[in-house]
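Presented below is the structure to which this report refers.
No lab work stands behind these numbers, since they all come straight from the coordinates. It should be emphasised that the depicted structure is a prediction, and the values quoted were computed from it without experimental measurement. Backbone-built Cβ (ideal geometry, glycine too); neighbour counts: all protein chains shown.
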Amino acid sequence: MEYLHAPWRIEYILAPKPPASPRSLFSEIAASSDDEANLVVKRERTCYAVLNRYPYNGGHLLVVPYKQTDNLADLTEDELRDLMLLTRRCIAALKQTMRPDGFNVGLNLGRVAGAGIVDHLHFHVVPRWNGDTNFMPVLANTSVVPDALADVAARLRAALNEAAPETTAGSDPS
């Protein structure tokens, strides 16, 4: 039997867990100004994009509204539009920086649907490459992420900042 050593995981396993809070992890990140430590790659008017700290694949992004809700119906038309536009920009930045062959994009609403942070909806943008599912997730229930998160965040931040934000006809670009 082969062993995969992942010593960086022990920090998460042994770290004290914060007490339950009415504010979600995403609300805490939204309120913080330390984007590098939080792996935030882009902030927009009503939402932001952040790298998943425990990704399915390298470059796994989350697009999160600032408003904490678990229900799409609670978001305004502007918030929904901004979420989708930032999701599209993130896909373009991932194409530019990581050159994936495709993407999984979606959201999990409710614990039964797979939501890990149930009280704050968010879109997943997961880049995929031909052959990226190999023996590790199948036999070892382990995913291999080849890039350091801080390096991926820096490349995506640069790509997202070099292009102007997208707007729709008649909308306020601010």
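Enter the per residue convex hull volume of the range 23-159, computed from alpha-carbon coordinates, in Å³ rounded to the nearest integer.
About 109 Å³ per residue, rounded to a whole number.
Sort Leu62, Leu25, Leu51 so that the residue with the fewest other Cβ atoms within 10 Å of its own Cβ comes first and the one with the most comes last.
Leu25, Leu51, Leu62
Projected onto the charge dipole of the range 23-159 (+1 at Lys/Arg Cβ, -1 at Asp/Glu Cβ, origin at the Cα centre), which of Ile29, Asn104, Trp129 gives the Cα projection farthest towards the positive end?
Among Ile29, Asn104, Trp129, the one farthest towards the positive end of the dipole of the range 23-159 is Trp129.
Given points 7 Å out from each Cα along the Cα-Cβ axis, report the Arg128 to Lys17 separation in nanometres with one decimal.
Modelled inter-label distance: 3.1 nm.
For a Förster distance of 25 Å, can you work out the FRET efficiency between the beta-carbons of Ala113 and Asn161, rounded to the nearest 0.05?
0.15
Rounded to whole Hz and in sequence order, give me ³J(HN,Hα) for the range 91-97 from the Karplus expression 6.51 cos²θ - 1.76 cosθ + 1.60, θ = phi - 60°, writing x for Gly and Pro.
4, 5, 5, 5, 4, 5, 8
Return the lysines within reach of Lys67: Cα separation strictly under 17 angstrom, same-chain partners fewer than 8 residues apart disregarded; answer none if there are no such residues.
Candidates past the 8-residue exclusion: Lys42.
Ranking Lys95, Lys17 by Cβ neighbours within 10 Å, fewest first, what do you get?
The most exposed by this proxy come first: Lys17, Lys95.
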